[in-house]
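First the structure, in the form of structure tokens, and then the observations on it.
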Amino acid sequence: MCQYSSVDGFATDWHLVHLGSRAIGGAGLVMVEATAVEARGRISPQDNGIWKDEHIPMLSRIAAFLREHGAAAAIQLAHAGRKASTRRPWEGRGIVPENEGGWQPVAPSPIAFDEKAPPPAELSKAGIAALVDAFGAAARRALAGGFQAAEIHGARYLIHEFLSPLSNRRTDEYGGSLENRMRFACEVTECVRAAWPAELPLFLRVSASDWVPGGWSIEDSVALGRRVRDLGVDLIDCSSGGLSAAQKIEVGPGYQVPFAERIRRDAAIATGAVGLITSARQANEIIADGKADIVLLAREFLRDPYFPLHAARELGAEITAPVQYGRAW
């Protein structure tokens, strides 16, 4: 059932993709990352949230600022599942105890991420239904805040914990078969799509592979891509890993791009490529070669806040300077 009551950032050149009848204007798209749909869905106690209407005014300021400068504003709706209540990376790894502001994480099954983490509480079916509604309500708040694109965060956290057989050992209709394990992701997608205007794009971020034998695979991701495409998802944002401490990832430049290429081809849905994409020419070739429809960057912008300027110079594109910088250009 779906009910409604009344920066880190990704960026991409939006003109590179047109998602059927759903398109947004602007020089680029900037996404507010992992914004929790409920308080216990935060990764750390300091994370952004969108689980109550009081969050709308501050988020609307962010969206308005992005639109003012010619970008489309997007937001990632997230729930950390069993990887919630953790310390911020620069504070050292570990769980934040309840007496320091932490809480009991939840998940499809009471299986801890690793030997250092406590087991999460297993969600009841009523709890699952409430979380589906929470994603839909968060989408409504994002729209009220002025965001123009939404992304369901289905990678490495709660939604993926339902998808992967490594973290989902349920014996009810949410566990067991691939169809059952995809049920929560599909219910969330339906609820968010119902709350999100038909003319605005909806993305789904996935972990395309667990990089663990017996875990979630690229073939499973293709099957999921086909399902959510028919439920109104416009683009699959193709990440990978993050579910299991046993993962063995073969890291290299553009190492996740083949996932985007495979899902784009076999699921017949637009995809976004991520992962060690660090140069304009590399990003441009991914699009030109038809391996993905957009390239999404985050960490490269942390390393180089002027990446768009450097990319324009590298590719011979002309871009307009902010008025404060015009004399220097």
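A short reminder: the numbers here are calculations on the coordinates, not readings from a lab. If you're wondering where the values come from, they're calculated on a predicted model, not measured in any experiment. Every residue, glycine as well, gets a Cβ built from its backbone with ideal geometry; the counts of neighbours run over all protein chains shown.
A few notes on this one:
- Unit charges on C-beta of K, R, D, E only; dipole of the chain, Debye: 200 debye
- The chain, helix-only ellipticity at 222 nm - DSSP H runs n ≥ 4, -39,500 (n - 2.57), divided by all residues, nearest 500: -9000 deg cm²/dmol
- Packing here is the average count of other Cβ atoms within 10 Å per residue, and on that basis the peptides 138-144, 69-75, 225-231, highest first, run 138-144, 69-75, 225-231.
- For the stretch 52-182, a simple Cβ point-charge model (Lys and Arg +1, Asp and Glu -1, everything else neutral) yields a dipole of about 220 debye relative to the Cα centre.
- Shown for the stretch 142-238 is the translational diffusion coefficient from the Stokes-Einstein equation, using the Kirkwood radius over Cα pairs, a temperature of 25 °C and a viscosity of 0.890 mPa s: 180 µm²/s.
- Of all DSSP beta bridges confined to the chain, the antiparallel ones make up roughly 20%.
- Of the residues VAL251, PRO118, ALA317, the one whose Cα sits farthest toward the positive end of the charge dipole of the chain, with +1 on the Cβ of Lys and Arg and -1 on the Cβ of Asp and Glu, is PRO118.
- Ordering 234-246, 165-177 by mean Cβ neighbour count within 10 Å, with the highest value first, yields 234-246, 165-177.
- Note on the chain: Rg/Rh from Cα positions, Kirkwood definition for Rh, rounded to two decimals, is 0.95.
- Measuring r between the beta carbons of ARG313 and GLU54 and using R0 = 56 Å, the FRET efficiency lands at 0.85.
- The stretch 231-269 and the stretch 62-83 have their alpha-carbon centroids 21 Å apart.
- The alpha-carbon of LYS52 sits under 22 angstrom from the alpha-carbons of these lysines, leaving out residues fewer than 8 places away in its chain: LYS83.
- Estimated dipole of the stretch 213-329 in Debye, rounded to 20 [Cβ of Lys and Arg +1, of Asp and Glu -1, Cα centre]: 160 debye
- For the stretch 46-51, putting each phi into the Karplus relation 6.51 cos²θ - 1.76 cosθ + 1.60 with θ = phi - 60° gives couplings of 8, 6, 5, x, 9, 9 Hz, in residue order, rounded to whole numbers and with x for Gly and Pro.
- Using the Karplus relation 6.51 cos²θ - 1.76 cosθ + 1.60 with θ = phi - 60°, the per-residue 3J(HN,Hα) values for the stretch 146-155 come to x, 6, 10, 8, 10, 10, 7, 7, x, 9 Hz, with x marking Gly and Pro.
- Bridgeable lysines around LYS291 (alpha carbons under 25 Å apart, same-chain partners fewer than 8 residues away excluded): LYS248.
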